[in-house]
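The values are calculated or read from the model by the stated rules, or taken from the named source; none is laboratory data. Only a predicted model underlies this, so the values are computations on that prediction, with no experimental measurement involved. Cβ sites come from the backbone with ideal geometry, for glycine too, and all protein chains shown count toward neighbours.
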(Lines give C-alpha, C1' and ligand atoms only; values in the text may rest on other atoms or scores of the structure.)
Protein backbone atom coordinates (compact mmCIF):
# COMPACT_ATOMS: atom_id res chain seq x y z
CA UNK A 1 0.00 0.00 0.00
CA UNK A 2 1.58 3.27 -1.12
CA UNK A 3 1.74 6.36 1.07
CA UNK A 4 -1.04 8.82 0.26
CA UNK A 5 -0.76 12.51 1.01
CA UNK A 6 -3.25 13.85 3.52
CA UNK A 7 -5.05 15.69 0.71
CA UNK A 8 -5.38 12.44 -1.28
CA UNK A 9 -6.60 10.59 1.83
CA UNK A 10 -9.13 13.34 2.51
CA UNK A 11 -10.51 13.23 -1.04
CA UNK A 12 -11.05 9.46 -0.81
CA UNK A 13 -12.53 9.70 2.70
CA UNK A 14 -14.86 12.58 1.79
CA UNK A 15 -15.97 10.69 -1.32
CA UNK A 16 -16.94 7.72 0.86
CA UNK A 17 -18.80 10.05 3.20
CA UNK A 18 -20.82 11.62 0.38
CA UNK A 19 -21.60 8.23 -1.19
CA UNK A 20 -22.80 6.99 2.22
CA UNK A 21 -24.90 10.12 2.73
CA UNK A 22 -26.55 9.81 -0.69
CA UNK A 23 -27.08 6.07 -0.23
CA UNK A 24 -28.73 6.47 3.16
CA UNK A 25 -30.89 9.33 1.87
CA UNK A 26 -32.07 7.17 -1.06
CA UNK A 27 -32.98 4.39 1.39
CA UNK A 28 -34.84 6.92 3.54
CA UNK A 29 -36.93 8.17 0.58
CA UNK A 30 -37.68 4.66 -0.78
CA UNK A 31 -38.68 3.25 2.62
CA UNK A 32 -40.75 6.33 3.48
CA UNK A 33 -42.65 6.31 0.16
CA UNK A 34 -43.41 2.58 0.25
CA UNK A 35 -44.21 2.80 3.96
CA UNK A 36 -46.80 5.51 3.31
CA UNK A 37 -48.23 3.67 0.28
CA UNK A 38 -48.55 0.37 2.14
CA UNK A 39 -49.47 2.00 5.49
CA UNK A 40 -46.53 0.09 7.04
CA UNK A 41 -45.49 1.64 10.34
CA UNK A 42 -42.40 -0.61 10.44
CA UNK A 43 -41.14 0.73 7.12
CA UNK A 44 -41.76 4.35 8.13
CA UNK A 45 -39.81 3.83 11.38
CA UNK A 46 -37.01 2.09 9.47
CA UNK A 47 -36.86 5.02 7.03
CA UNK A 48 -36.17 7.35 9.95
CA UNK A 49 -33.36 4.98 11.04
CA UNK A 50 -31.81 5.27 7.55
CA UNK A 51 -32.05 9.05 7.83
CA UNK A 52 -30.27 8.98 11.19
CA UNK A 53 -27.44 6.95 9.61
CA UNK A 54 -26.51 10.10 7.69
CA UNK A 55 -25.11 11.47 10.98
CA UNK A 56 -22.29 8.91 10.80
CA UNK A 57 -21.52 9.88 7.21
CA UNK A 58 -21.43 13.57 8.15
CA UNK A 59 -18.94 12.78 10.94
CA UNK A 60 -16.73 11.03 8.37
CA UNK A 61 -16.86 14.01 5.99
CA UNK A 62 -16.11 16.57 8.72
CA UNK A 63 -13.27 14.45 10.12
CA UNK A 64 -11.52 14.16 6.76
CA UNK A 65 -12.09 17.81 5.88
CA UNK A 66 -10.47 18.98 9.12
CA UNK A 67 -7.59 16.50 8.84
CA UNK A 68 -6.73 17.85 5.37
CA UNK A 69 -6.26 21.41 6.65
CA UNK A 70 -2.63 22.58 6.42
CA UNK A 71 -0.55 23.33 9.53
CA UNK A 72 -0.99 26.74 11.14
CA UNK A 73 0.51 28.67 14.07
CA UNK A 74 -1.78 27.01 16.61
CA UNK A 75 -1.36 23.53 15.08
CA UNK A 76 2.17 23.37 13.59
CA UNK A 77 1.99 19.60 13.12
CA UNK A 78 -1.24 19.76 11.12
CA UNK A 79 -4.77 18.55 11.86
CA UNK A 80 -4.51 14.88 10.91
CA UNK A 81 -5.55 13.60 14.33
CA UNK A 82 -9.05 14.89 13.50
CA UNK A 83 -9.44 11.65 11.54
CA UNK A 84 -8.81 9.68 14.74
CA UNK A 85 -11.47 11.77 16.52
CA UNK A 86 -13.92 10.93 13.71
CA UNK A 87 -12.99 7.26 14.08
CA UNK A 88 -13.65 7.50 17.81
CA UNK A 89 -17.15 8.94 17.26
CA UNK A 90 -18.11 6.41 14.55
CA UNK A 91 -16.78 3.54 16.71
CA UNK A 92 -18.92 4.72 19.65
CA UNK A 93 -21.99 4.81 17.37
CA UNK A 94 -21.13 1.28 16.19
CA UNK A 95 -20.96 0.08 19.81
CA UNK A 96 -24.34 1.74 20.49
CA UNK A 97 -25.80 -0.21 17.55
CA UNK A 98 -24.34 -3.43 18.97
CA UNK A 99 -25.86 -2.72 22.38
CA UNK A 100 -29.22 -2.01 20.73
CA UNK A 101 -28.96 -5.32 18.84
CA UNK A 102 -28.33 -7.11 22.15
CA UNK A 103 -31.24 -5.36 23.88
CA UNK A 104 -33.64 -6.18 21.05
CA UNK A 105 -32.35 -9.76 20.83
CA UNK A 106 -32.82 -10.43 24.55
CA UNK A 107 -36.32 -8.93 24.40
CA UNK A 108 -37.24 -11.23 21.49
CA UNK A 109 -35.90 -14.28 23.34
CA UNK A 110 -38.01 -13.42 26.40
CA UNK A 111 -41.03 -12.27 24.37
CA UNK A 112 -41.07 -14.21 21.08
CA UNK A 113 -43.71 -13.01 18.64
CA UNK A 114 -45.01 -13.65 15.14
CA UNK A 115 -43.57 -11.30 12.53
CA UNK A 116 -46.18 -10.31 9.97
CA UNK A 117 -45.04 -9.59 6.44
CA UNK A 118 -46.16 -8.99 2.88
CA UNK A 119 -44.48 -9.17 -0.50
CA UNK A 120 -43.67 -5.44 -0.54
CA UNK A 121 -41.97 -5.63 2.86
CA UNK A 122 -39.92 -8.64 1.75
CA UNK A 123 -38.77 -6.84 -1.40
CA UNK A 124 -37.72 -3.76 0.58
CA UNK A 125 -35.85 -5.91 3.12
CA UNK A 126 -33.96 -7.83 0.41
CA UNK A 127 -33.09 -4.63 -1.46
CA UNK A 128 -31.86 -3.07 1.80
CA UNK A 129 -29.62 -6.07 2.48
CA UNK A 130 -28.07 -5.89 -0.99
CA UNK A 131 -27.76 -2.09 -1.00
CA UNK A 132 -26.20 -1.77 2.47
CA UNK A 133 -23.81 -4.67 1.91
CA UNK A 134 -22.71 -3.04 -1.35
CA UNK A 135 -22.08 0.21 0.55
CA UNK A 136 -20.13 -1.72 3.20
CA UNK A 137 -17.94 -3.38 0.57
CA UNK A 138 -17.33 -0.03 -1.11
CA UNK A 139 -16.24 1.48 2.22
CA UNK A 140 -14.02 -1.53 3.00
CA UNK A 141 -12.46 -1.17 -0.47
CA UNK A 142 -11.56 2.48 0.12
CA UNK A 143 -10.38 1.65 3.66
CA UNK A 144 -8.01 -0.90 2.14
CA UNK A 145 -6.61 1.73 -0.23
CA UNK A 146 -5.75 4.40 2.36
CA UNK A 147 -5.70 2.32 5.57
CA UNK A 148 -8.30 4.43 7.38
CA UNK A 149 -9.92 3.19 10.59
CA UNK A 150 -12.62 5.83 10.10
CA UNK A 151 -13.74 4.16 6.86
CA UNK A 152 -13.44 0.72 8.47
CA UNK A 153 -15.79 1.83 11.27
CA UNK A 154 -18.24 3.31 8.75
CA UNK A 155 -18.08 0.11 6.68
CA UNK A 156 -19.04 -1.93 9.74
CA UNK A 157 -21.84 0.57 10.37
CA UNK A 158 -23.24 -0.19 6.90
CA UNK A 159 -22.78 -3.93 7.43
CA UNK A 160 -24.58 -3.79 10.77
CA UNK A 161 -27.62 -2.31 8.96
CA UNK A 162 -27.43 -5.13 6.42
CA UNK A 163 -27.20 -7.70 9.22
CA UNK A 164 -30.18 -6.09 10.95
CA UNK A 165 -32.25 -6.56 7.79
CA UNK A 166 -31.04 -10.16 7.48
CA UNK A 167 -32.28 -10.80 11.03
CA UNK A 168 -35.69 -9.37 10.12
CA UNK A 169 -35.81 -11.68 7.10
CA UNK A 170 -34.81 -14.67 9.25
CA UNK A 171 -37.48 -13.79 11.81
CA UNK A 172 -40.12 -13.73 9.04
CA UNK A 173 -39.02 -17.14 7.75
CA UNK A 174 -38.71 -18.54 11.30
CA UNK A 175 -42.23 -17.32 12.12
CA UNK A 176 -43.55 -19.38 9.21
CA UNK A 177 -42.04 -22.49 10.86
CA UNK A 178 -43.09 -21.30 14.35
CA UNK A 179 -39.46 -20.88 15.50
CA UNK A 180 -39.96 -17.47 17.06
CA UNK A 181 -36.82 -17.26 19.22
CA UNK A 182 -34.10 -17.86 16.62
CA UNK A 183 -33.66 -14.25 15.45
CA UNK A 184 -33.32 -13.11 19.07
CA UNK A 185 -30.52 -15.61 19.76
CA UNK A 186 -28.74 -14.71 16.51
CA UNK A 187 -29.16 -11.02 17.32
CA UNK A 188 -27.39 -11.44 20.66
CA UNK A 189 -24.45 -13.32 19.11
CA UNK A 190 -24.11 -10.82 16.26
CA UNK A 191 -24.37 -7.89 18.68
CA UNK A 192 -21.43 -9.29 20.66
CA UNK A 193 -19.37 -9.40 17.46
CA UNK A 194 -20.33 -5.84 16.47
CA UNK A 195 -19.52 -4.53 19.97
CA UNK A 196 -16.16 -6.33 19.83
CA UNK A 197 -15.33 -4.72 16.45
CA UNK A 198 -16.46 -1.31 17.74
CA UNK A 199 -14.34 -1.55 20.90
CA UNK A 200 -11.31 -2.71 18.89
CA UNK A 201 -11.58 0.28 16.52
CA UNK A 202 -12.30 2.61 19.46
CA UNK A 203 -9.20 1.50 21.38
CA UNK A 204 -6.95 1.93 18.34
CA UNK A 205 -8.30 5.45 17.72
CA UNK A 206 -7.84 6.28 21.42
CA UNK A 207 -4.27 4.97 21.29
CA UNK A 208 -3.53 7.09 18.20
CA UNK A 209 -4.84 10.20 19.97
CA UNK A 210 -2.87 9.83 23.21
CA UNK A 211 0.31 8.81 21.38
CA UNK A 212 1.22 5.15 20.86
CA UNK A 213 4.65 3.56 20.61
CA UNK A 214 6.13 3.39 17.10
CA UNK A 215 6.12 0.07 15.27
CA UNK A 216 9.20 -2.03 16.00
CA UNK A 217 9.71 -2.42 12.23
CA UNK A 218 9.91 1.38 11.81
CA UNK A 219 12.57 1.69 14.51
CA UNK A 220 14.57 -1.15 12.93
CA UNK A 221 14.35 0.50 9.50
CA UNK A 222 15.71 3.76 10.94
CA UNK A 223 18.59 1.86 12.56
CA UNK A 224 19.24 0.07 9.28
CA UNK A 225 19.39 3.30 7.27
CA UNK A 226 21.69 5.00 9.81
CA UNK A 227 24.09 2.05 9.91
CA UNK A 228 24.44 2.06 6.11
CA UNK A 229 26.65 5.15 6.32
CA UNK A 230 30.39 5.22 6.98
CA UNK A 231 31.79 6.41 10.31
CA UNK A 232 28.58 5.55 12.19
CA UNK A 233 29.49 3.69 15.38
CA UNK A 234 26.00 3.36 16.82
CA UNK A 235 22.50 4.83 17.01
CA UNK A 236 20.28 5.27 20.05
CA UNK A 237 17.67 7.50 21.69
CA UNK A 238 15.30 7.28 18.72
CA UNK A 239 12.14 9.29 19.38
CA UNK A 240 9.10 9.24 17.07
CA UNK A 241 5.83 11.20 17.23
CA UNK A 242 2.89 10.64 14.88
CA UNK A 243 0.23 13.18 13.96
CA UNK A 244 -1.84 11.06 11.63
CA UNK A 245 0.44 10.30 8.68
CA UNK A 246 2.77 13.18 9.55
CA UNK A 247 5.68 11.86 11.61
CA UNK A 248 8.55 13.68 13.27
CA UNK A 249 11.43 12.30 15.26
CA UNK A 250 14.99 12.52 16.48
CA UNK A 251 17.93 10.19 17.02
CA UNK A 252 21.46 10.20 18.41
CA UNK A 253 24.28 8.78 16.30
CA UNK A 254 27.76 7.92 17.56
CA UNK A 255 30.61 9.23 15.37
CA UNK A 256 34.41 9.53 15.79
CA UNK A 257 35.39 12.81 17.37
CA UNK A 258 38.36 12.96 14.97
CA UNK A 259 35.99 13.81 12.12
CA UNK A 260 35.65 17.43 11.10
CA UNK A 261 32.38 19.14 11.98
CA UNK A 262 31.69 19.71 8.28
CA UNK A 263 32.19 16.04 7.35
CA UNK A 264 30.00 14.84 10.23
CA UNK A 265 27.29 17.36 9.32
CA UNK A 266 27.26 16.19 5.69
CA UNK A 267 26.74 12.58 6.76
CA UNK A 268 23.94 13.55 9.15
CA UNK A 269 22.24 15.55 6.38
CA UNK A 270 22.33 12.53 4.08
CA UNK A 271 20.90 10.29 6.82
CA UNK A 272 18.04 12.72 7.50
CA UNK A 273 17.24 13.01 3.78
CA UNK A 274 17.25 9.24 3.23
CA UNK A 275 14.94 8.61 6.20
CA UNK A 276 12.59 11.30 4.88
CA UNK A 277 12.69 9.81 1.38
CA UNK A 278 12.23 6.15 2.36
CA UNK A 279 10.10 6.36 5.52
CA UNK A 280 8.46 9.81 5.19
CA UNK A 281 9.71 10.79 8.66
CA UNK A 282 11.03 14.28 9.39
CA UNK A 283 13.94 13.48 11.67
CA UNK A 284 16.66 15.51 13.42
CA UNK A 285 19.98 13.82 14.16
CA UNK A 286 22.17 14.62 17.17
CA UNK A 287 25.86 13.66 17.05
CA UNK A 288 27.56 11.94 20.00
CA UNK A 289 31.35 12.17 19.39
CA UNK A 290 33.60 9.43 20.82
CA UNK A 291 37.34 8.89 20.93
CA UNK A 292 37.76 5.28 19.84
CA UNK A 293 41.53 5.55 20.28
CA UNK A 294 41.08 6.09 24.02
CA UNK A 295 42.06 2.81 25.67
CA UNK A 296 39.82 3.38 28.71
CA UNK A 297 36.82 4.06 26.46
CA UNK A 298 37.43 0.85 24.48
CA UNK A 299 37.68 -1.24 27.65
CA UNK A 300 34.54 0.26 29.20
CA UNK A 301 32.55 -0.14 25.99
CA UNK A 302 33.62 -3.79 25.66
CA UNK A 303 32.64 -4.41 29.29
CA UNK A 304 29.22 -2.72 28.94
CA UNK A 305 28.52 -4.58 25.69
CA UNK A 306 29.28 -7.84 27.50
CA UNK A 307 26.95 -6.89 30.38
CA UNK A 308 24.13 -6.11 27.93
CA UNK A 309 24.51 -9.44 26.17
CA UNK A 310 24.66 -11.53 29.35
CA UNK A 311 22.12 -9.79 31.58
CA UNK A 312 18.50 -10.62 30.69
CA UNK A 313 17.21 -7.60 32.62
CA UNK A 314 19.27 -5.07 30.63
CA UNK A 315 18.22 -4.25 27.09
CA UNK A 316 20.97 -1.81 26.15
CA UNK A 317 23.83 0.30 27.60
CA UNK A 318 24.96 3.21 25.46
CA UNK A 319 25.81 6.93 25.18
CA UNK A 320 29.14 6.47 26.97
CA UNK A 321 30.94 9.65 28.03
CA UNK A 322 34.17 9.87 29.99
CA UNK A 323 34.74 13.28 31.55
CA UNK A 324 38.14 14.14 33.01
CA UNK A 325 38.15 17.23 35.22
CA UNK A 326 40.66 18.33 37.89
CA UNK A 327 42.12 14.88 38.26
CA UNK A 328 38.72 13.20 38.65
CA UNK A 329 37.39 10.83 35.98
CA UNK A 330 33.63 10.48 35.73
CA UNK A 331 31.80 7.92 33.61
CA UNK A 332 28.34 8.70 32.25
CA UNK A 333 26.11 6.35 30.23
CA UNK A 334 22.46 5.49 29.65
CA UNK A 335 20.75 2.21 30.50
CA UNK A 336 17.57 0.75 29.09
CA UNK A 337 16.05 -1.90 31.36
CA UNK A 338 13.51 -4.56 30.46
CA UNK A 339 12.15 -4.67 34.01
CA UNK A 340 11.46 -1.31 35.66
CA UNK A 341 11.33 -2.84 39.16
CA UNK A 342 14.90 -4.12 39.07
CA UNK A 343 16.42 -1.02 37.41
CA UNK A 344 17.67 0.60 40.65
CA UNK A 345 19.26 -2.61 41.94
CA UNK A 346 20.88 -3.27 38.57
CA UNK A 347 22.24 0.27 38.38
CA UNK A 348 23.76 0.10 41.87
CA UNK A 349 25.32 -3.31 41.19
CA UNK A 350 26.69 -2.09 37.87
CA UNK A 351 28.21 1.02 39.45
CA UNK A 352 29.97 -1.08 42.10
CA UNK A 353 31.27 -3.51 39.48
CA UNK A 354 32.68 -0.69 37.31
CA UNK A 355 34.45 0.98 40.27
CA UNK A 356 36.01 -2.36 41.24
CA UNK A 357 37.01 -3.30 37.71
CA UNK A 358 38.34 0.07 36.52
CA UNK A 359 40.67 1.74 39.00
CA UNK A 360 40.84 4.91 36.89
CA UNK A 361 37.12 5.61 37.28
CA UNK A 362 36.27 7.75 40.32
CA UNK A 363 32.53 8.28 39.80
CA UNK A 364 29.81 6.57 37.77
CA UNK A 365 26.47 8.08 36.81
CA UNK A 366 23.88 5.91 35.08
CA UNK A 367 20.89 7.63 33.52
CA UNK A 368 17.79 5.53 32.92
CA UNK A 369 16.65 5.87 29.33
CA UNK A 370 13.11 7.29 29.04
CA UNK A 371 10.29 5.01 27.90
CA UNK A 372 9.72 7.11 24.78
CA UNK A 373 13.21 6.46 23.33
CA UNK A 374 14.26 3.37 21.37
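So, in region 299-347, how many residues would count as being assigned to a helix (DSSP H, G or I), over 20 Å from residue 252 (Cβ atoms) and at pLDDT 85 or above?
4
Out of everything in region 51-65 that is touching a helix residue (DSSP H, G or I) at 6+ places or on another chain (Cβ under 6 Å) and free of Cβ contacts under 8 Å to residues at least 60 places away in the same chain, what residue ends up being surrounded by the fewest Cβ atoms within 10 Å (Cβ to Cβ)?
Of everything passing the filter in region 51-65, 51 is surrounded by the fewest Cβ atoms within 10 Å (Cβ to Cβ).
If you scan region 212-238, which residues turn out to be within 24 Å of residue 147 (Cα to Cα), part of a helix (DSSP H, G or I) and free of Cβ contacts under 8 Å to residues at least 24 places away in the same chain?
216, 217, 220
Among the residues of region 66-77, is there at least one that is touching a residue at least 24 places away in the same chain (Cβ under 8 Å), under 20 Å from residue 132 (Cα atoms), in contact with a helix residue (DSSP H, G or I) (Cβ under 7 Å, 6 or more places away or on another chain) and assigned by TED's automatic domain parsing to the domain that holds residue 169?
Of the residues in region 66-77, the ones touching a residue at least 24 places away in the same chain (Cβ under 8 Å) are 67-68, 77.
Going one step further and asking which of them are under 20 Å from residue 132 (Cα atoms), we end up with none.
Taking every residue of region 66-77 in turn, none turns out to be touching a residue at least 24 places away in the same chain (Cβ under 8 Å), under 20 Å from residue 132 (Cα atoms), in contact with a helix residue (DSSP H, G or I) (Cβ under 7 Å, 6 or more places away or on another chain) and assigned by TED's automatic domain parsing to the domain that holds residue 169.
From the list 241, 273, exactly one residue is in the same structural domain as residue 336 (by TED's automatic domain parsing), outside any strand (DSSP E or B) and surrounded by fewer than 19 Cβ atoms within 10 Å (Cβ to Cβ). Which is it? Quick ask: steps written out before the conclusion?
Numbers: 241 fails: outside any strand (DSSP E or B).
Result of the check over 241, 273: 273.
For every residue, the table says whether it meets (1) surrounded by 20 or more Cβ atoms within 10 Å (Cβ to Cβ); (2) more than 23 Å from residue 52 (Cβ to Cβ).
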| residue | (1), (2) |
| --- | --- |
| 148 | yes, no |
| 151 | yes, no |
| 154 | yes, no |
| 158 | yes, no |
| 161 | yes, no |
| 180 | no, yes |
| 193 | no, no |
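Is there a residue in region 199-218 that is surrounded by 15 or more Cβ atoms within 10 Å (Cβ to Cβ), under 20 Å from residue 319 (Cα atoms), in contact with a helix residue (DSSP H, G or I) (Cβ under 9 Å, 6 or more places away or on another chain) and modelled with pLDDT of 90 or more?
Checked against the condition, which is being surrounded by 15 or more Cβ atoms within 10 Å (Cβ to Cβ), under 20 Å from residue 319 (Cα atoms), in contact with a helix residue (DSSP H, G or I) (Cβ under 9 Å, 6 or more places away or on another chain) and modelled with pLDDT of 90 or more, region 199-218 yields no hits at all.
Quickly run through region 112-135 and pick out the residues that are at pLDDT below 75 and exposed (fewer than 14 other Cβ atoms within 10 Å of the Cβ).
113, 114, 116, 118
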